[in-house]
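Asks: Pasting a structure below so you can have a look.
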Amino acid sequence: MLYPTPALTDADQQVLAGVEDMRRNLRHQIQASPAKWTLGLRKYLTADAVARSNSIEGFRVSTVDVQDLIDGERDVDVSDENREETLAYQRMMTYVQTLHDVADFEYGKGLLNALHWMLQGHRHTARKPAGQWRRGPVYVTDPDEPSLIAYTAPAAEEIPELISELVDWLNTDDGSHPLVRAAMAHLHLVSIHPWPDGNGRMSRSLQTLLIAREGVLAPEFSSIEAWLGRRQNTWAYYGELKRRGSTFRPDQDVSGWIRFNLTAYHEQAQTVQGRADRSAAVWSSLESFAAEAGLDERVVSALHDVAVIGRIRRHRYEEAEGLTLQQAQRDLRDLTAAGLLEPVGRTRARYYQAGPRFPGPVLEVARTPMTLRAPYEVG
């Protein structure tokens, strides 16, 4: 038995309509914008989702370091464990994103276990097998006090039947909104807790997969994993799951879970829209600056990363512009000589940040924070 999908209230419907409006507007903006900055934004959002979702499980790597790891940089100052967890989650999320338009796609037990292997294969042991249902009990401990059990998952022998029911539900359209179905899929899987480890990230990834399959907007623009990974929201996430009870009780109203997720969708849509607006404004300003300064227009991508992300590495600039190693090195050297960039570190670990002559108004636009509107208080 799975949790029944609750009916939406008028307030829920209003918040959901707001989310849909923002997502449609963002889709049109992205489609009409220069490919270079939108591609950079997509990569950033993917890295942010990986970084923040992993942070919920205690693996803390900054978004910009995750970007470097995804780009193949070796000299990134992170532990071996954090490196492995980051790259494993990124590989799984990349695969999830590629499934958005598969014509004969179908959910299945094999798919779920394969995704789990991508995530946890590097940790596979006989006691905690990856890509296989757990063989014994599993407990979720209280995040404040590890000696206390916050949740006891269903018994191992119940998992095959529960997962079969979940797969059947995933493959059947029950008429509810896709974003609501995605939230319910997350709750179903995290409550069943079918693996020895990695259940939280798998459940959040399943939600992202359903969003990807919806097809309205690329999943990196719609995933709420980054939102969930913000410290205050993480505690609210734990609290909302705790309200479901200390054991699996699917015969209950989960309207609070839906309201929580609709809030997440709405605030994440605001956040992504704000970042897109800033990126577009920064790109436009830097194009004008480069033209006035007599710079080659290709350096705009390097300056843009420095403004909106905080730094640029040679390899990322080289890949973004399709340059040779020598061309990229020369451009970055010239930008440094002009005082626009400032190198940090040596040899392969080097990156570039804003120099003393980087245009101040551009940095002001890029670094001005935004205010989020509370979805359920919007009139």
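The values are calculated or read from the model by the stated rules, or taken from the named source; none is laboratory data. Quick caveat: nothing in here was measured; it's all calculated off a predicted structure. Please note: Cβ atoms are built from the backbone with ideal geometry, for glycine as well, and neighbour counts cover all protein chains shown.
Asks: Could you give every pair whose Cβ atoms fall below 7 Å, whose first residue belongs to segment 339-358 and is touching a residue at least 24 places away in the same chain (Cβ under 8 Å) and within 14 Å of residue 73 (Cβ to Cβ), and whose second residue is surrounded by 14 or more Cβ atoms within 10 Å (Cβ to Cβ) and of a type in the set (A, V, I, L, M), counting only separations of at least 6 or pairs across chains?
Replies: What qualifies is 351/312; 352/306; 352/312; 352/332; 352/341.
Asks: Let me ask another. Looking only at segment 123-150, count every residue that is within 12 Å of residue 194 (Cα to Cα), of a type in the set (Ser, Thr, Tyr) and assigned to a loop (DSSP other than H, G, I, E, B) and tell me the total.
Replies: Of the residues in segment 123-150, 0 are within 12 Å of residue 194 (Cα to Cα), of a type in the set (Ser, Thr, Tyr) and assigned to a loop (DSSP other than H, G, I, E, B).
Asks: Okay, moving on. Would it be correct to say that residue 142 is in contact with a strand residue (DSSP E or B) (Cβ under 9 Å, 6 or more places away or on another chain) and in the same structural domain as residue 221 (by TED's automatic domain parsing)?
Replies: yes
Asks: Can I ask one more? How many residues does segment 339-379 contain that are of a type in the set (Val, Ile, Thr) and part of a helix (DSSP H, G or I)?
Replies: 3
This table checks each residue for (1) loosely packed, with under 11 Cβ neighbours inside 10 Å; (2) under 18 Å from residue 203 (Cβ atoms); (3) charged (D, E, K, R).
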position	(1), (2), (3)
82	no, no, no
95	no, yes, no
119	no, yes, no
128	no, yes, yes
132	no, yes, no
140	no, yes, no
145	yes, no, yes
164	no, yes, no
170	no, yes, no
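Asks: Residues in segment 194-203: is at least one within 23 Å of residue 22 (Cα to Cα) and among the polar types (S, T, N, Q)?
Replies: no
Asks: While we're on this one: Residue 107 passes all but one of (1) under 20 Å from the mean Cα position of the chain (by Cα); (2) outside any helix (DSSP H, G or I); which number fails?
Replies: (1)
Asks: Of all residues in segment 249-281 being more than 23 Å from residue 230 (Cβ to Cβ) and not assigned by TED's automatic domain parsing to the domain that holds residue 232, which is surrounded by the fewest Cβ atoms within 10 Å (Cβ to Cβ)?
Replies: 281
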